[in-house]
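The structure appears below as structure tokens.
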Amino acid sequence: MRESSHLGATVTPLAGAGQRLAVGGPPLAGDVPDAGRARDAKPEAGIDRTLLYVARTPDPLLSAYLKSRGWEIATARTVHEASRLVKPEAAYAGIVDLTGFAPREFTGLETILRLQQVGWIALTDDSRLTDADVRRLIRHYCFDYVHVPVAHATLDYLVGHAYGMVSLCDLDTPGAAASQDEDEMVGTCEAMQQLFRTIRKVANTDATVFISGESGTGKELTALAIHERSARRKATFVPINCGAIPHHLLQSELFGYERGAFTGANQRKIGRVESANGGTLFLDEIGDLPLESQASLLRFLQEGKIERLGGREQIPVDLRIISATHVDLEAAMREGRFRADLFHRLCVLRVDEPPLRARGKDIEILAHHVLHKFKQDSARRIRGFTPDAIEALYNYNWPGNVRELINRVRRAIVMAESKLISAEDLDLAHFTAQQTVTLAQAREAAERRAIEAALLRHRHRLTEAAVDLGISRVTLYRLMGTHGLRDEKTLFVGEAENQAELPPDVQD
Ligand SMILES: Nc1ncnc2c1ncn2[C@@H]1O[C@H](COP(=O)(O)OP(=O)(O)OP(=O)(O)O)[C@@H](O)[C@H]1O
Ligand SMILES: [Mg+2]
């Protein structure tokens, strides 16, 4: 029997999976204690979990097994039947058996696969996977896929996972939109679930946190989420962008000054460090901190006291530091622009933000989230995205990550001339053409995705990621080079692996 899935054995069990992590104080939806667990693979009394089973020839043994596992099965042999079974505001798990459908039926299938309240698992075989349409449907709309024949228990586990995810989703209804939190973090994919778990754990400690991630991935939102969930939440969160303040002003901005400290210092100024007393100081773009301020910051981290410019008094300040960067700090250290001893102090705990392109279905969920948030910017009642827009969302590489997605959707809301946003409105028309993909290209893309996911899961600890992937550490390092995935994080691996300072409870 051959059985595989794109996440395969590495799918982590659904433990308290939440789609969102609201930042702005309680209630934290991603934290609802049993919302995810209740929908785990184990059925619970009194909870009806409906599973939509779409197949030309449904397997009665599979249906019977899933029923015995607590699923209420709704079987459909055609697209028409399936769309009649789905009620707009309910959540469903879905199995779509692609082996029985002819290629000309895929367009019809796409209309039901697009339903956001269904978490789909596809059944397929090798010959189907050579079809570009099948690969696209799986990539765009399914949480996972398995080769047939498949062990019933595996399928039960996967649909449990998919159901857990969608049941926490915003079901694209106006009511749901109204209850959205301004600053919530949206994420259902494994990498984001891991990020949410890390945020919760990290928030419980007082150690310094270093957030690494590409531009626009949500580093500041994560820092705020950590603060809001920490014991310091009642005190202030003070952000400072080290890259945006001229170097000669940074020292006084951070540590303040006394009256008369220099010409023009007419009155005492309290610096950002002092004003964050009791709370959290967020040092954004830490890589831009000049050496002078690096030395002062290091001294503060060692002594817990600051001295205002022109002052003699040592002032004790109690705060937690979170820092972030999108630049290669390793290169900065090599070139002597950033002090390694400071970096080690700042990076007791490390959080990696996944790039948007590695977040799978979240791209679409985020696009809908942004649409709901800003749709009043248009005089038209914009209701969603055209299929070509959805396709483009997945095909595009998102160098600017979530920030870019927000900007594109907001602009599209204004530009759209119909009730649906098109790829052209998103300025992504080039990313819609049905590109033919060779099997070699598909394999390469899948390999890159798997490596990126394993690295994220193990915070760039090569040894563990390599074990997950079933390859040697050396091979993994070589493949990372091939796929352009080596960066400063990899070079910190030695530290990450000797994580003397990293409390064990912070490691998943
Ligand atoms: N998971 C998410 N869900 C919803 N919104 C998000 C998410 N991640 C980021 N955002 C939004 O994307 C925008 C960029 O986020 P943020 O400023 O935190 O990113 P950043 O990594 O600090 O970016 P930069 O490197 O450019 O400073 C913000 O408007 C933020 O609210
Ligand atoms: Mg930022």
> What residues qualify as long-range amide H neighbours of Leu420, i.e. H under 5 Å apart, gap of 5 or more or another chain, H built at 1.01 Å from N?
Replying inline: Arg383
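For Ser83 and Glu303 in one chain, what is 0.36 nm times their gap in residues minus the Cα-Cα distance, to one decimal in nm? Please list the in-between numbers first.
On the way: separation 220, 0.36 × 220 = 79.20 nm, distance 6.49 nm.
So the extension gain works out to 72.7 nm.
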>> For a quick check: with amide H placed at 1.01 Å from N, whose amide H comes under 5 Å from Ala74's, ignoring anything fewer than 5 positions away on the same chain?
In response: Leu51, Leu52, Tyr53
> Pairs Lys201/Lys234; Lys219/Lys419; Lys219/Lys361; Lys87/Lys361: which are spaced more than 23 Å apart, C-alpha to C-alpha?
Replying inline: Lys219/Lys419
> Where does the stretch 356-428 land on the Kirkwood hydrodynamic radius, alpha-carbon pairs, in angstrom?
Replying inline: 11.8
> When the distances between all Cα atoms of the stretch 190-352 are binned every 10 Å from zero, what whole-number percent does each bin get?
Replying inline: 11, 40, 35, 13, 2, 0
> Per the Kirkwood definition applied to all pairs of different Cα atoms, how many angstroms is the hydrodynamic radius of the stretch 388-444?
Replying inline: 12.2
>> Quick check: net charge around Cys189, other residues with Cβ under 10 Å of its Cβ, Lys/Arg +1 and Asp/Glu -1?
In response: 0
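Rule-based calculations on the coordinates, nothing more; no lab input. Note that the coordinates shown come from a computational prediction; the quantities given were computed from them, not determined experimentally. Ideal geometry is used to build each Cβ from the backbone, glycine not excepted, and the neighbour counts take in all protein chains shown.
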